[in-house]
Amino acid sequence: MPRVLLAFALFFSLIDSMVAQNIPTTIIGKWRVRRILPADTVSCWGEKEARGLLGTEIEYTADSFRWKADSIQHPTVHVTVVTADEFQKEYSGSGSFVDFRRLGIPNSKATKVQIVHPPASITQGSIEVPGDNLLIKNRKTIVFSVCNVYFEAKRE
């Protein structure tokens with residue numbers, strides 16, 4: 001009987017961790033894309049497209065996400081903690097290399113926020129929306145990528 005209870009507890013713990021969450025309060029607010037971060041990645045963008053994101057605004061509310069004038073209402077949100085090793089393994093390879101050190105993340109772990117939405121055609125060459133998949137560097141800084149180009153945004 002204890003094994004059955006343990007199995008049920010483990011099952012419901014896994015289900016609970018996969019349930020969509022709200023946008024974390026730590027990122028709610030307006031953010032300004034400030035700079036392109038150094039990463040050795042293969043990208044679907046050139047420098048012109050990447051520089052086009054600089055200075056643009058991202059806004060997160062409790063139930064929406066906006067980049068420029070394009071808004072996603074009531075998105076599905078997944079929040080996890082990723083280690084530096086896990087991040088490097090997941091996002092490096094096939095001629096690309098990126099790690100926490102290059103992105104200026106001093107910790108061995110970071111909170112990863114993924115905002116799930118239908119494919120977008122906001123940016124050429126990608127179905128992403130800037131800021132839809134990010135790492136929280138600290139309370140004033142987030143890091144995200146579009147087309148495998150990494151950006152830093154600062155809280156306004």
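Each value in this text was obtained by applying a stated rule to the coordinates, not by laboratory testing. These figures come from a predicted structure and were not determined experimentally. Here the Cβ is made from the backbone with ideal geometry for all residues, glycine too, and neighbour counts use every protein chain on show.
Straight distance only, please: which aspartates and glutamates reach the Cα of LYS109 with their own Cα at less than 16 Å, same-chain residues fewer than 8 apart left out?
ASP85, GLU86, GLU90, ASP99
What is the calculated FRET efficiency for ASN148 to THR61, with r their C-beta to C-beta distance and R₀ = 35 Å, to the nearest 0.05?
Given R0 = 35 Å and the Cβ-Cβ separation, E is 0.80.
Report the FRET efficiency, 1/(1 + (r/R0)^6), for LYS48 and THR76, where r is their Cβ-Cβ distance and R0 is 35 Å, rounded to 0.05.
E(calc), rounded to 0.05, equals 0.60.
Return the Cα extents of the range 20-155 along principal axes one, two and three, sorted largest first, each rounded to a whole Å.
Over the range 20-155, Cα extents along the principal axes are 35, 32, 24 Å.
Using Cα pairs closer than 8 Å and at least 6 residues apart in sequence, work out the relative contact order for the range 20-155, in percent.
Worked out over the range 20-155, it gives 30 percent.
Suppose every Lys and Arg Cβ carries +1 and every Asp and Glu Cβ carries -1, with no other charges. What dipole size does the range 14-156 come out with about its Cα centre, to the nearest 20 debye?
For the range 14-156, the charge dipole is close to 600 debye.
Reachable lysines from LYS68, Cα under 29 Å, same-chain residues fewer than 8 places away excluded?
By straight Cα distance, LYS68 reaches LYS30, LYS48, LYS112, LYS137, LYS140, LYS154.
Label-point separation (nm) for ALA69 and VAL116, each offset 7 Å from Cα along Cα-to-Cβ?
3.0
Determine the gain in length on full extension of the stretch ASN138-ILE36; use 0.36 nm per residue of separation and subtract their C-alpha separation, reporting nm with one decimal.
Length gained, ASN138 through ILE36: 35.0 nm.
So how do 108-114, 91-97, 73-79 stack up, highest first, on mean other-Cβ count within 10 Å?
Descending packing order for the listed peptides: 108-114, 73-79, 91-97.
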